[in-house]
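Have a look at the structure below before the remarks.
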Amino acid sequence: MGKGKRFLSYRNARSGARAAYRTGWAFAREAAASLLTYELYPLGIPTGSMPVLTLPRLRQSATRPHVPILFIHGLLHNPSTFAWLKQRLANAGFKNFSDMNLATVTYSIPELAQQTAQAVDALLAKYDVPHVDIIGHSMGGLVGRYYVQKLGGDGKVRNLITLGTPHQGTALSRYFRFSNVKCLDPDSDFLSDLQSCPLPQHTRVVAVSGNMDILMWPRDCVRWEGVRNIALPGLGHAGLLFSRRVLQIVLAHLHPELLNEAQASTAPLAG
């Protein structure tokens, strides 16, 4: 074997080793994120809302965020889902938070969306603001979407950010008995009806997904056609909840000035 072939073989071997390392590390992070998600679960049971620590900020932005953020968790979970993200947003200067604490097995997605509508109206009155921002994980993203598209939430919601949401359904739903999982069948009447609705005109939407989300199958089921879709490499279903890349996307949509401050005061973010 000539020197050129040996060099190419060596370079390919190194490239393959690096790729295997990155993949292995991504799987390890996803496993850790999944474990942490369920370790945090008991914290969301007593109050139905995750408290945050209020830390002094060395730098104050010219305009503090005032639009309340409503978090909507997914199937079989509770507000502890957003513990990490919520605390990071609090650290960045956000302070008006609210959590949906949904009985996702008891009520249908339209019923959960109706509860969301009531929560939004309560927030609009409490803070005397014209709109709120919604962040939904997994099925919680569909609850927020249903509210915006079907129950008059378009405009009351300024930003709708979905994380790991099966906008086109997931084939894995066919193996579960829960009614709210059954309606996530890609061929379900529920999704067909939702897909036929006009796109939001007054609510800005971004659908964020991870390319290692094994609950979303086929892979493109997370796409919401007609809105902005962001696919992040190396992240799975739980990893989205603990990702600084996701945090950057959220800051960029909710309050770009705070993203600029974070980038100026921290090292480059990864993970």
Task: Sorted by Cβ neighbour density within 10 Å, fewest at the top, the residues 82, 178 - done: 178, 82
Task: Gap separating the Cα centres of region 62-114 and region 241-255, nearest whole Å - done: 14
- [ ] Eight or more residues apart or on different chains, and alpha-carbon atoms under 26 Å: count the Lys pairs in region 42-265 matching that.
- [x] 8
Open item on the list: Between residue 64 and residue 118, what is the label-point separation in nm under the 7 Å Cα-to-beta-carbon projection?
Closed with: 3.1
TODO: Counting other beta carbons within 10 Å of each Cβ, put 97, 71 in order, fewest first.
DONE: 97, 71
- [ ] Could you please rank 182, 150, 156, placing first whichever residue has the fewest other Cβ atoms within 10 Å of its Cβ?
- [x] 182, 150, 156
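Bear in mind that the values in this text are calculations on the coordinates, not laboratory data. Not measured: the values here are computed from a predicted model. Please note: Cβ atoms are built from the backbone with ideal geometry, for glycine as well, and neighbour counts cover all protein chains shown.
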